[in-house]
Amino acid sequence: MGPLLLTVGAVLSVVVAAAGIFFAYSYHRYHAVPLVARPCSGDHASVEVGGFRLHVRELGTENGGVPIVVLHGGPGHSLLSFRDGLDFLGEKRRVLLYDQRGSGLSEVKPGVDAYSAQALVEELDEIRRTVLHADTIDVIAHSAGGALAQQYLIEHSAHVRRLVLVGSTSANNNMSHSLVWRVLGPGLYATAMGLPPADPVQADAWFQSDQVASDSHRLFDPDDLSPVTDTGPITFATWFAVSQSLAGDDRAAQLRTLPTPTLVLYGEADSPYTGARAAERIAGTLPAATAVCVPRSGHWPFLENRPEFQRVVGTFLAPEA
């Protein structure tokens, strides 16, 4: 059975690779989804950062101390995914949540060159400087937002007092081989998801529907879909462009030199991609990091187990430097 299994495995690998190449060609040739101009909208405030109008939500604006900046995941998702799960922080601290450029309810401009991890790192630092007017911030980042937070830490560690990573990916979004992901990435995505509609509005709806279906498997209670529904608009083209830009070096060598106190939280029911395995790897890289499991939760512990999340995060962020 050994040789037979090896043969079957080899055949399956070839089939998957061939499908990936076919879908990659199909995406690049026929199904690339453009970014279409869209103004900033929403019920909250907006600020001008880096030439984009960003949708923001602020809490505790009268509070002093080190402000907290919150990074949503995706990429391409929205601050609305947090619901009111982080509102407790506004009782004592100033907190700013925002939709990254081209994401959620923030402004979208055509052209993919403006949507990269580096651009989002620069966007965050401009928020720190020109919106918050703060020398130092605490950063809370969820999911793929954790990749941005780690890259921000590498470039601006002097301005980060404490870092909280929640269900975080690695700094390269777990995509080590840049050429493979940038060339064949569309094929690999499409092998699992199918090809997106070429129309941007339809592509966003298609992608959002797929996200809700796949996210249900990352919940502690898969029958309760409330954490993954009504989480704000998702822009597929932004997700795709920023995801591609994250591929490459995991930046571990640089992260090992940074002594910033870091809390790496993960839900017990989260996937290996952003759960225990990922958290232990990140915590093992950052010299002052601790990985903590939030029981009875999956990828959204700030909604699935609010009391424990608030206790752990509140304690970690309480001391003022």
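The values are calculated or read from the model by the stated rules, or taken from the named source; none is laboratory data. Small disclaimer: the values here were computed from a predicted structure and weren't measured. No Cβ is skipped: glycine too gets one built from the backbone with ideal geometry, and neighbour counts run over all protein chains shown.
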| Cβ pairs under 6 Å, 6+ apart, first in the stretch 214-233 and over 23 Å from Leu105 (Cα atoms), second assigned to a helix (DSSP H, G or I) | Phe220/Glu304; Pro222/Ser216
| task | Please determine, by comparing only the residues of the stretch 119-145 that are outside any helix (DSSP H, G or I) and of a type outside the set (A, V, I, L, M), which one is farthest from Ser78 (Cα to Cα). | result | Asp135
| said: Let me spell it out: the conditions are (1) surrounded by 23 or more Cβ atoms within 10 Å (Cβ to Cβ); (2) part of a strand (DSSP E or B), and Leu263 meets all of them except one. Which number is the exception? | reply: (1)
| In the stretch 238-254, is there at least one residue being over 21 Å from Gln118 (Cβ atoms) and buried (at least 20 other Cβ atoms within 10 Å of the Cβ)? | no
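Residues checked against (1) among the acidic types (Asp, Glu); (2) without any contact (Cβ under 8 Å) to a residue 24 or more places away in the chain; (3) within 25 Å of His44 (Cα to Cα); (4) surrounded by 18 or more Cβ atoms within 10 Å (Cβ to Cβ):
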| position | (1), (2), (3), (4) |
| --- | --- |
| Gln100 | no, no, yes, yes |
| Arg129 | no, yes, yes, no |
| His133 | no, yes, yes, no |
| Ile140 | no, no, yes, yes |
| His156 | no, no, no, no |
| said: Out of everything in the stretch 271-291 that is of a type outside the set (Gly, Ala, Ser) and buried (at least 17 other Cβ atoms within 10 Å of the Cβ), what residue ends up being nearest to Val228 (Cα to Cα)? | reply: Thr274
| request: Check Leu35, Leu105 and return the single one that is in a loop (DSSP other than H, G, I, E, B), touching a Pro at 6+ places or on another chain (Cβ under 6 Å) and closer than 24 Å to Gln208 by Cα. | output: Leu35
| query | Among the listed residues Ala114, Ala37, which satisfies the condition of being under 25 Å from Ala247 (Cα atoms) and of a type outside the set (Ser, Thr, Tyr)? | reply | Ala114
| task | Scan the stretch 218-233 and give yes if some residue there is over 29 Å from Leu317 (Cβ atoms) and of a type in the set (D, E, K, R), otherwise no. | result | yes
| For residues in the stretch 281-312 being in contact with a helix residue (DSSP H, G or I) (Cβ under 7 Å, 6 or more places away or on another chain) and of a type in the set (A, V, I, L, M), which is nearest to Asn173 (Cα to Cα)? | Leu286
| task | Mind telling me which of the residues Ala269, Ala279 ends up being under 26 Å from Val313 (Cβ atoms), touching a residue at least 24 places away in the same chain (Cβ under 8 Å) and assigned to a helix (DSSP H, G or I)? | result | Ala279
| Those residues of the stretch 44-102 which are small (Gly, Ala, Ser), in a strand (DSSP E or B) and either under 23 Å from Phe236 (Cβ atoms) or in contact with a Leu (Cβ under 7 Å, 6 or more places away or on another chain) (or both), in sequence order | Ser46
| said: When you scan the stretch 70-83, do you find a residue that is more than 21 Å from Pro227 (Cβ to Cβ) and of a type outside the set (A, V, I, L, M, F, W, C), even just one? | reply: no
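The rows are residues; the columns are (1) charged (D, E, K, R); (2) under 17 Å from the mean Cα position of the chain (by Cα).
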| site | (1), (2) |
| --- | --- |
| Lys109 | yes, no |
| Glu123 | yes, yes |
| Ile127 | no, no |
| Leu132 | no, no |
| Ala141 | no, yes |
| Gln150 | no, yes |
| Glu155 | yes, no |
| said: From the list Gly146, Gly90, Gly111, Gly85, exactly one residue is modelled with pLDDT under 95 and among the small types (Gly, Ala, Ser). Which is it? | reply: Gly111
